[in-house]
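The values are calculated or read from the model by the stated rules, or taken from the named source; none is laboratory data. Every value quoted in this text rests on a predicted model; they were computed, and no experiment measured them. Glycine gets a Cβ as well: all are built from the backbone with ideal geometry, and neighbour counts include every protein chain shown.
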Amino acid sequence: MHPNPRIPYRLATDRPRLAPLNGKPLMVHLAMNIEYWPFDRPMPRGIIPAPHGAAPSPPDVPNYGWVEYGMRAGMPRIMAMLAERGLPCSAFMNAQVCDVYPALADAVVAAGWELVGHGWFQQSLKQVDDEAAVIRRSLSRLAQAGGTPVRAWLGPGLGETEATPDILKAEGVEFLHDWVVDDLPVWMRTRHGPMVALPYTFELNDVPIWAIQQSSSDEMLKRLKATLAVFERELEQNPRVLTLALHPHIIGVPHIAHYFAQALDLLLQRDDTVFVTSSVLGDWFVAADGTGGAELAGFGEGFAP
């Protein structure tokens with residue numbers, strides 16, 4: 001029995017060689033998480049504890065303000081930074097953002113960012129009463145906002161139930177970022193046929209770097225340089241996906257945005273790098289792999305979510 005019921009195990013060094021996208025083996029994915037944290041609910045995360053050891057409860061003004069700053073000031077700062085450089089971005093967006101922050105949602109659509117499903121508001125799918133209804137509602141609202149069907153998903157907090165990939169596949173989602181198991185996309189099993197698990201990241205992710213590990217302002221830039229040093233050797237064998245996972249209330253504050261701009265410019269100086277969004281990455285893999293997920297035949301038959 002395999003401990004992973006969705007994805008067959010394979011050493012990265014045993015994977016078939018994939019032709020690079022446009023001849024560029026380093027695929028950089030900028031993934032901006034755009035989230036709605038309701039004022040009348042406990043905050044999903046905090047930057048400051050409640051005074052005197054009290055448990056934070058609504059209204060949690062300082063931690064709400066931390067996040068709303070990102071939606072007001074952080075997003076325009078990073079959007080301008082990417083527009084100046086002509087860089088694409090995936091918007092991993094809570095669908096309720098379209099109604100609560102309509103000017104921001106309109107700006108994201110106007111900028112041409114790909115809308116990726118990320119729940120209705122920032123609440124784990126493990127906590128909702130009707131998971132399938134939340135997924136359908138979220139996908140429908142984003143499709144209405146963007147004018148095209150949503151093809152990819154990242155769960156809020158990467159939260160899943162045992163049925164989540166099956167529901168997503170049944171609703172037409174092709175690509176799922178929750179399974180952070182490889183530096184390249186992999187085929188994953190669902191009850192409705194093969195699906196593609198796309199890379200995400202915890203290591204080049206501003207939440208662990210600053211909200212959890214409390215790193216220095218230039219930490220992502222330092223980690224990027226170290227990651228590139230390792231990837232440069234591995235690119236001779238196969239392409240690599242380098243994801244920068246972003247949240248506007250963290251990456252968008254001035255002292256961090258300053259170094260983030262340097263990270264983007266470092267990547268732009270390379271001649272082996274292409275910037276992608278979720279569906280561009282997924283479409284590349286499906287075409288380059290060419291198997292349609294044939295390796296999943298008979299895999300995980302004992303797993304019944």
Evaluation of residue 57 against (1) at pLDDT below 90; (2) touching a Lys or Arg at 6+ places or on another chain (Cβ under 8 Å); (3) among the polar types (S, T, N, Q) (one fails), failing number: (2)
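Looking only at region 96-121, which residues are in a loop (DSSP other than H, G, I, E, B) and closer than 25 Å to residue 281 by Cα?
Step one: of region 96-121, the residues in a loop (DSSP other than H, G, I, E, B) are 96, 101, 111-113, 118-121.
Passing the criteria: 111, 112, 113, 118, 119, 120.
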Search result, residues across region 225-255 that are of a type in the set (Gly, Ala, Ser) and in contact with a strand residue (DSSP E or B) (Cβ under 6 Å, 6 or more places away or on another chain): 245
Matching residues in region 74-99 - criterion: being surrounded by fewer than 16 Cβ atoms within 10 Å (Cβ to Cβ), in contact (Cβ under 8 Å) with a residue 40 or more places away in the chain and out of contact with any Lys or Arg (no Cβ under 9 Å at 6 or more places or on another chain): 85, 87
Residue list for region 251-278, filter: surrounded by fewer than 20 Cβ atoms within 10 Å (Cβ to Cβ), within 23 Å of residue 21 (Cβ to Cβ) and among the polar types (S, T, N, Q): 269, 273
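Here are some residues: 259, 200. Which one is closer than 30 Å to residue 297 by Cβ, modelled with pLDDT of 95 or more and among the aromatic types (Phe, Trp, Tyr)? Outline the logic, then answer.
Numbers: 259 fails: closer than 30 Å to residue 297 by Cβ.
From the options 259, 200, the qualifying one is 200.
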Every residue from region 123-174 that is in contact with a Pro (Cβ under 8 Å, 6 or more places away or on another chain), within 17 Å of residue 33 (Cβ to Cβ) and outside any helix (DSSP H, G or I): 123, 124
Qualifying residues in region 201-218 (those that are touching a Lys or Arg at 6+ places or on another chain (Cβ under 8 Å), closer than 17 Å to residue 252 by Cβ and not small (Gly, Ala, Ser)) - the one surrounded by the fewest Cβ atoms within 10 Å (Cβ to Cβ): 207
When residues of region 156-183 are limited to those that are within 13 Å of residue 7 (Cα to Cα) and hydrophobic (A, V, I, L, M, F, W, C), the one surrounded by the most Cβ atoms within 10 Å (Cβ to Cβ): 176
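If you scan region 1-44, which residues turn out to be of a type in the set (Ser, Thr, Tyr) and exposed (fewer than 13 other Cβ atoms within 10 Å of the Cβ)?
Pass one, region 1-44, residues of a type in the set (Ser, Thr, Tyr): 9, 13, 36.
9, 13 - these are the residues of region 1-44 that are of a type in the set (Ser, Thr, Tyr) and exposed (fewer than 13 other Cβ atoms within 10 Å of the Cβ).
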Given (1) touching a His at 6+ places or on another chain (Cβ under 6 Å); (2) crowded, with 19+ Cβ neighbours inside 10 Å; (3) within 30 Å of residue 63 (Cα to Cα), index of the condition residue 248 fails: (1)
Enumeration of residues in region 45-64 that are buried (at least 18 other Cβ atoms within 10 Å of the Cβ) and either in contact with a Ser or Thr (Cβ under 8 Å, 6 or more places away or on another chain) or more than 30 Å from residue 82 (Cβ to Cβ) (or both): 60
Residues within region 120-159 that are in contact with a helix residue (DSSP H, G or I) (Cβ under 6 Å, 6 or more places away or on another chain), farther than 19 Å from residue 110 by Cα and of a type in the set (D, E, K, R), tallied: 1
Any pair with Cβ under 9 angstrom, 6 or more apart, that starts in region 266-283 at a residue that is more than 16 Å from residue 232 (Cβ to Cβ) and ends at one that is of a type in the set (Asp, Glu): 277/114; 278/114; 279/114; 279/174; 280/114; 282/174; 283/174
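Within region 114-131, is there a residue that is loosely packed, with under 15 Cβ neighbours inside 10 Å, more than 17 Å from residue 278 (Cβ to Cβ) and aliphatic (A, V, I, L, M)? Explain how you work it out, then say what you get.
So the first thing to find is which residues in region 114-131 are loosely packed, with under 15 Cβ neighbours inside 10 Å, and the list is 126-127, 129-130.
After this cut, where a residue has to be more than 17 Å from residue 278 (Cβ to Cβ) as well, the list is 126-127, 129-130.
Pick out the ones that are also aliphatic (A, V, I, L, M) and you get none.
No, there is no match, as no residue in region 114-131 is loosely packed, with under 15 Cβ neighbours inside 10 Å, more than 17 Å from residue 278 (Cβ to Cβ) and aliphatic (A, V, I, L, M).
When you look at residue 243, is it buried (at least 20 other Cβ atoms within 10 Å of the Cβ), among the β-branched types (Val, Ile, Thr) and either out of contact with any helix residue (DSSP H, G or I) (no Cβ under 7 Å at 6 or more places or on another chain) or over 20 Å from residue 92 (Cα atoms) (or both), yes or no? Even if it seems obvious, please write down each step before you answer.
Values: buried (at least 20 other Cβ atoms within 10 Å of the Cβ): yes; among the β-branched types (Val, Ile, Thr): yes; either out of contact with any helix residue (DSSP H, G or I) (no Cβ under 7 Å at 6 or more places or on another chain) or over 20 Å from residue 92 (Cα atoms) (or both): yes.
Considered against the rule, which asks whether it is buried (at least 20 other Cβ atoms within 10 Å of the Cβ), among the β-branched types (Val, Ile, Thr) and either out of contact with any helix residue (DSSP H, G or I) (no Cβ under 7 Å at 6 or more places or on another chain) or over 20 Å from residue 92 (Cα atoms) (or both), residue 243 comes out as yes.
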Lone unmet requirement of (1) out of contact with any helix residue (DSSP H, G or I) (no Cβ under 8 Å at 6 or more places or on another chain); (2) of a type in the set (Asp, Glu); (3) in contact (Cβ under 8 Å) with a residue 12 or more places away in the chain for residue 35: (1)
